[in-house]
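Here's the structure we're looking at; comments come further down.
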Amino acid sequence: MLSNDAAILVVDDAVTMRALIKDYLKKMGYSNIFEARNVEEATQTFERLESQGVRLEFVFADMNMPGGTGIDFLKKIRALPQGKNLPFVMITTEGEMNTVTEAVMNGVSGYLLKPVTQPALMEKMVEAYKKHHQEKL
């Protein structure tokens, strides 16, 4: 699985959702967590980290945000060589399930339904990691 110092990006326009996911990740032992409020900020964070030699190892992104969707960010990430195998979990509501198909077609690793719980978050992390690393945990 991911090491405790793995760089993880949480993208969501809702500060409470970012804080909740960050709190869950910290309780799971992760400490290198970055946040972004939208696709533009997420892209800038990704590029800044890459320029500093920090490779993101996991992304959680909300489906719907002002100025772009999680799918928009997913497409940008998957178009980059370093983003091809990056575990990427989309956070969505049941009402957005029709867009999950589009996310799958664009290479999403998995999706997490709101309201997010720590056990569900952990389960999706393991599934997404396995999908991209093809190893038993």
> Asn98 versus (1) over 19 Å from Asp12 (Cα atoms); (2) part of a loop (DSSP other than H, G, I, E, B); (3) over 13 Å from the mean Cα position of the chain (by Cα): which is the lone unmet condition?
Replying inline: (2)
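Here is a yes/no grid of residues against (1) in contact with a strand residue (DSSP E or B) (Cβ under 9 Å, 6 or more places away or on another chain); (2) of a type in the set (D, E, K, R):
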| position | (1), (2) |
| --- | --- |
| Asp5 | no, yes |
| Val10 | yes, no |
| Ala14 | yes, no |
| Arg18 | yes, yes |
| Asp23 | no, yes |
| Lys26 | yes, yes |
| Tyr30 | yes, no |
| Ile33 | yes, no |
| Asn38 | yes, no |
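Answer yes or no as to whether Phe58 is outside any helix (DSSP H, G or I) and touching a residue at least 60 places away in the same chain (Cβ under 8 Å). Please lay out each step first, then the result.
Details: outside any helix (DSSP H, G or I): yes; touching a residue at least 60 places away in the same chain (Cβ under 8 Å): yes.
Taking the combined requirement at face value, the residue satisfies it.
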> Tell me, which residue of region 40-60 that is within 12 Å of the chain's Cα centre (by Cα) and of a type in the set (A, V, I, L, M) is nearest to Asp13 (Cα to Cα)?
Replying inline: Ala42
>> Given (1) modelled with pLDDT under 95; (2) assigned to a helix (DSSP H, G or I); (3) of a type in the set (Lys, Arg), identify the lone condition not met by Lys136.
In response: (2)
>> Given the criteria closer than 18 Å to Asn32 by Cα and touching a Phe, Trp or Tyr at 6+ places or on another chain (Cβ under 6 Å), does Leu121 qualify?
In response: yes
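Can you name every residue in region 75-88 that is of a type outside the set (A, V, I, L, M, F, W, C) and either part of a loop (DSSP other than H, G, I, E, B) or closer than 24 Å to Ala19 by Cα (or both)?
Taking region 75-88 as the starting set, the residues that turn out to be of a type outside the set (A, V, I, L, M, F, W, C) are 75-76, 78, 81-85, 87.
Once the filter is applied, which keeps residues that are of a type outside the set (A, V, I, L, M, F, W, C) and either part of a loop (DSSP other than H, G, I, E, B) or closer than 24 Å to Ala19 by Cα (or both), region 75-88 yields Lys84, Asn85, Pro87.
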> So, of the residues in region 61-74 that are touching a strand residue (DSSP E or B) at 6+ places or on another chain (Cβ under 8 Å) and either small (Gly, Ala, Ser) or part of a helix (DSSP H, G or I) (or both), which turns out to be nearest to Ala14 (Cα to Cα)?
Replying inline: Ala61
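For region 5-18, what are the residues that are over 14 Å from the mean Cα position of the chain (by Cα) and within 16 Å of Gln118 (Cα to Cα)?
In the first step, residues of region 5-18 are kept if they are over 14 Å from the mean Cα position of the chain (by Cα); the result is 5, 14-16.
Residue satisfying the conditions is Thr16 alone.
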> Which residue pairs have Cβ atoms under 7 Å apart, sit 6 or more places apart or on different chains, and have a first residue in region 4-33 that is assigned to a loop (DSSP other than H, G, I, E, B) and a second that is basic (Lys, Arg)?
Replying inline: Asp12/Arg18; Asp13/Arg37
> Which numbered condition trips up Val116, out of (1) modelled with pLDDT of 95 or more; (2) closer than 17 Å to Ala6 by Cα?
Replying inline: (2)
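This table checks each residue for (1) loosely packed, with under 15 Cβ neighbours inside 10 Å; (2) at negative phi; (3) not charged (D, E, K, R).
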position	(1), (2), (3)
Glu41	no, yes, no
Leu49	no, yes, yes
Glu57	no, yes, no
Ile91	no, yes, yes
Asn98	yes, yes, yes
Ser109	no, yes, yes
Thr117	yes, yes, yes
Met122	no, yes, yes
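The values are calculated or read from the model by the stated rules, or taken from the named source; none is laboratory data. Everything numeric in this text was worked out from a predicted model, so none of it was measured. Methodologically, a virtual Cβ is constructed for each residue, glycine included, from the backbone with ideal geometry; neighbour enumeration extends over all protein chains shown.
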